[in-house]
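*Asks:* Quick one: this structure, given as C-alpha cells, is what I'll be asking you about.
The values are calculated or read from the model by the stated rules, or taken from the named source; none is laboratory data. Note that this is a predicted model, so its numbers are computed, not measured. Positions of Cβ are backbone-derived with ideal geometry, glycine not excepted, and every protein chain shown enters the neighbour counts. These accessible areas exclude ligands, DNA and RNA; they are computed on the full protein's heavy atoms, side chains included. Shrake-Rupley method; radii C 1.70, N 1.55, O 1.52, S 1.80 Å.
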Amino acid sequence: MRKRPVVAAAAVVAAGALSVLAAAPAQAAEYHSALKIRGVQYDAPGPDSNRCSSGNSAQEYLTIKNYSSGTVNLKGYVVKDATGNRFTFTASHYLQPGDYVKLRGGHGTDSDKYNVVYRDNCNFLWNNDRDTIYLYKPSGSRSDVHSYTKRGSDSDGDGYIRFHS
C-alpha cells in the first residue's frame, strides 16, 4: 500500500517539473531579442528651449532596454510618437543582454560605451502632458508601446516615467 502513494506523489512531482520546463521556453520566447521601452524623461528640467546652442532638449530622453539573452543591433529600429514624429536608428548600436540605451534629443556623440544615441535634432519629441511612444523593429512589426499622462503616470512629478517590465 505504501508504494501507491509514493508512486502517485512521484507522478505529481514529475508532472510539476514538466510543467515548469514547458513554461520556461514560452517565457524565453516572449523576450527573445526583445527591446522594450524602460522609461521616458518627457519633460526636460528647466524651461523648455529647443535652441541647439542653449536649449535643454538633450535632457529629454527615452530609455530602451534589451531583455533578451542575445546582443541586439538597434540599426533599423524606429521610435515614433502618437503624432508621427519619428527617429530611425541609422547606425549600428549594439545592446548586450540586460543593457540599455538612452535616446536623447539635441546633438552629441553616439556611444556604445556610455549607452547613448543622439537624435541630432534639437526639437522636443515627447509632449509634456501626455503621449504614446511606439518602438518598431526593422521588419516593421511593433516591439513595444507605452502611453503616459503627466497626471496619471508620473507619481513623483519629476517628468520621468519608469516602466516596470
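*Asks:* Against the definition (at pLDDT 85 or above and touching a Cys at 6+ places or on another chain (Cβ under 9 Å)), how does Gly105 come out, yes or no?
*Replies:* yes
*Asks:* Moving on to the next point. Of everything in segment 93-110 that's open to solvent by 60 Å² or more (accessible area, probe 1.4 Å) and without any contact (Cβ under 8 Å) to a residue 40 or more places away in the chain, which residue is farthest from Ser54 (Cα to Cα)? Reasoning before the result, please.
*Replies:* Of all residues in segment 93-110, those open to solvent by 60 Å² or more (accessible area, probe 1.4 Å) come to 94, 96-97, 100, 107, 109-110.
Keeping just the survivors that are without any contact (Cβ under 8 Å) to a residue 40 or more places away in the chain gives 94, 96-97, 109-110.
Values: Tyr94: 30, Gln96: 34, Pro97: 36, Thr109: 17, Asp110: 20 Å.
Going through the qualifying residues, I end up with Pro97.
*Asks:* Now a separate question. Within segment 139-161, track down each residue that is open to solvent by 70 Å² or more (accessible area, probe 1.4 Å) and at pLDDT 85 or above. Full working, then the answer.
*Replies:* Taking segment 139-161 and keeping what is open to solvent by 70 Å² or more (accessible area, probe 1.4 Å), we get 139, 142, 147, 150-151, 155-156.
Result: Ser139, Arg142, Ser147.
*Asks:* Can you tell me which residues in segment 50-92 are in a loop (DSSP other than H, G, I, E, B), open to solvent by less than 30 Å² (accessible area, probe 1.4 Å) and of a type in the set (Ser, Thr, Tyr)?
*Replies:* Ser68, Tyr77
*Asks:* Looking only at segment 120-137, filter to residues that are in a loop (DSSP other than H, G, I, E, B) and more than 14 Å from Gly55 (Cα to Cα); which one of those is least open to solvent (accessible area, probe 1.4 Å)?
*Replies:* Applying the filter and picking the extreme gives Trp126.
*Asks:* Please work out which residue is surrounded by the most Cβ atoms within 10 Å (Cβ to Cβ), limiting yourself to segment 30-49 and to residues that are within 14 Å of the chain's Cα centre (by Cα) and modelled with pLDDT of 75 or more.
*Replies:* Val40
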